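Remarks on the structure that follows.
The values are calculated or read from the model by the stated rules, or taken from the named source; none is laboratory data. Since we're looking at a predicted model, the values are computed, not measured. FYI the Cβ positions are ideal-geometry reconstructions off the backbone, even for glycines, and counts take in every protein chain you see. Areas reflect the complete protein model, heavy atoms only, side chains present, ligands, DNA and RNA absent. Shrake-Rupley method; radii C 1.70, N 1.55, O 1.52, S 1.80 Å.
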Amino acid sequence: MSTVRVLSSARDADPAAFERAEAQLVEAARIHSIGDLQKVAAYWRQRVERERALEGEDEHWARRRLHASVSYLGTVRVDADLDPETGETLLTALGAVLDAESRSRREDDDRTPAQRRADALGEICRQWLDRSDRPTVAGERPHLSVTVGADALGGAGSDSELDHAGPIPAEIARRLACDASVMRVVMSGRSEPLDVGRRTPVVSPAIRRAVIVRDRRCRFPGCDRPHTWCDAHHVVHWAEGGPTALANLVLLCRRHHRMVHRPRGFRLELEHGRPIFRRPDGSLLRDGPTLGGRAPP
């Protein structure tokens with residue numbers, strides 16, 4: 001191979017980089033043999049490709065962005081361009097949740113792939129917030145907050161509002177309040193708080209642990225979601241006088257908890273300590289095992 005061919009090959013590999021290094025490569029061609037010049041050109045090309053990769057990584061990093069905005073309907077629109085490492089992390093986490101769900105997916109799961117990904121993202125965020133080692137914000141662990149009117153949890157009102165997404169139906173507020181802590185704020189008019197009570201846990205850590213030991217997983221028929229994916233659902237809502245006691249609590253994963261609280265959705269009853277799930281038409285979905293092996297007191 002001639003000197004001219006070696007230099008031409010280097011130029012064709014990256015004309016812009018060759019132009020910047022042309023003087024050095026021509027000088028190398030003058031003082032080196034063809035064999036040594038080929039080595040010099042090979043090392044030069046490796047360095048150029050490495051620099052190009054680093055520049056590409058910097059470019060991806062500089063272009064990263066994520067926007068999350070609330071629409072006038074209350075839905076939250078997410079739009080993002082992620083660098084390769086962050087994007088791979090997100091895809092891996094979503095894939096882990098979707099893979100876990102696929103192992104117990106029921107035939108009546110009519111969610112689209114896009115809807116399942118949206119639910120998976122919510123589960124990832126929810127589990128992050130639920131961890132006990134989260135840093136505090138304004139003296140409290142990060143948490144989902146909903147403000148409800150006094151009558152909303154009884155099903156009669158609609159005055160419920162999330163901090164960011166805005167107004168929500170009373171039924172969603174009832175579901176969120178199923179396994180939450182509640183703080184009473186007495187208002188004079190719409191903007192003047194008169195009294196703020198202490199935050200009261202609806203399901204104490206001790207009771208939740210007892211529910212976890214008994215149920216271990218979501219009790220919806222066919223679901224195997226572990227307790228870390230679950231809420232403690234009040235079969236008879238505490239706003240309607242249902243006790244926060246082991247006999248009135250059942251672990252439900254977030255998806256099935258939503259289905260049970262949905263108007264005209266699945267119904268859950270306890271019969272002799274046994275969770276009974278019925279379809280909206282009243283037909284039995286499947287008889288569940290006895291809670292703790294005995295009927296509730």
- request: Determine whether ALA41 is of a type in the set (Gly, Ala, Ser) and free of Cβ contacts under 8 Å to residues at least 40 places away in the same chain.
  value: yes
Residue satisfying all of: in the stretch 276-290; under 19 Å from ASP215 (Cβ atoms), in a strand (DSSP E or B) and modelled with pLDDT under 85; most open to solvent (accessible area, probe 1.4 Å) among these: ARG286
query: Looking only at the stretch 97-124, which residues are free of Cβ contacts under 8 Å to residues at least 12 places away in the same chain and loosely packed, with under 12 Cβ neighbours inside 10 Å?
result: ASP99, SER102, GLU107, ASP108, ASP110, THR112, PRO113, ALA114, GLN115
- prompt: MET183 versus (1) modelled with pLDDT under 75; (2) within 19 Å of GLU123 (Cβ to Cβ): which is the lone unmet condition?
  reply: (2)
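I need the full set of residues from the stretch 205-226 which are farther than 17 Å from ASP119 by Cα and open to solvent by 30 Å² or more (accessible area, probe 1.4 Å), in order please. Can you show your working first?
First, pick out the residues of the stretch 205-226 that are farther than 17 Å from ASP119 by Cα: 205-217, 219-222.
Within the stretch 205-226, PRO205, ALA206, ILE207, ARG208, ARG209, ALA210, VAL213, ARG214, ARG216, ARG217, GLY222 qualify.
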- line: By residue number, the members of the stretch 72-113 that are in a loop (DSSP other than H, G, I, E, B) and farther than 24 Å from TRP229 by Cβ are TYR72, LEU73, GLY74, LEU82, ASP83
message: I'm trying to understand the selection: among the residues of the stretch 13-36, which are among the β-branched types (Val, Ile, Thr) and either surrounded by 11 or more Cβ atoms within 10 Å (Cβ to Cβ) or in a loop (DSSP other than H, G, I, E, B) (or both)?
response: VAL26, ILE34
- request: For the stretch 3-12, indicate whether the set of residues that are in contact with a strand residue (DSSP E or B) (Cβ under 7 Å, 6 or more places away or on another chain), in contact (Cβ under 8 Å) with a residue 24 or more places away in the chain and either surrounded by 12 or more Cβ atoms within 10 Å (Cβ to Cβ) or not β-branched (Val, Ile, Thr) (or both) is non-empty.
  value: no
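Mind listing just one residue for me: the one in the stretch 247-271 that is open to solvent by 70 Å² or more (accessible area, probe 1.4 Å) and in contact (Cβ under 8 Å) with a residue 24 or more places away in the chain and, of those, farthest from GLU101 (Cα to Cα)? Reasoning before the result, please.
Going through the stretch 247-271, the residues open to solvent by 70 Å² or more (accessible area, probe 1.4 Å) turn out to be 258, 262-264, 267, 271.
Going one step further and asking which of them are in contact (Cβ under 8 Å) with a residue 24 or more places away in the chain, we end up with 258, 262-263.
Details: ARG258: 16, ARG262: 21, PRO263: 24 Å.
By that ranking, first place goes to PRO263.
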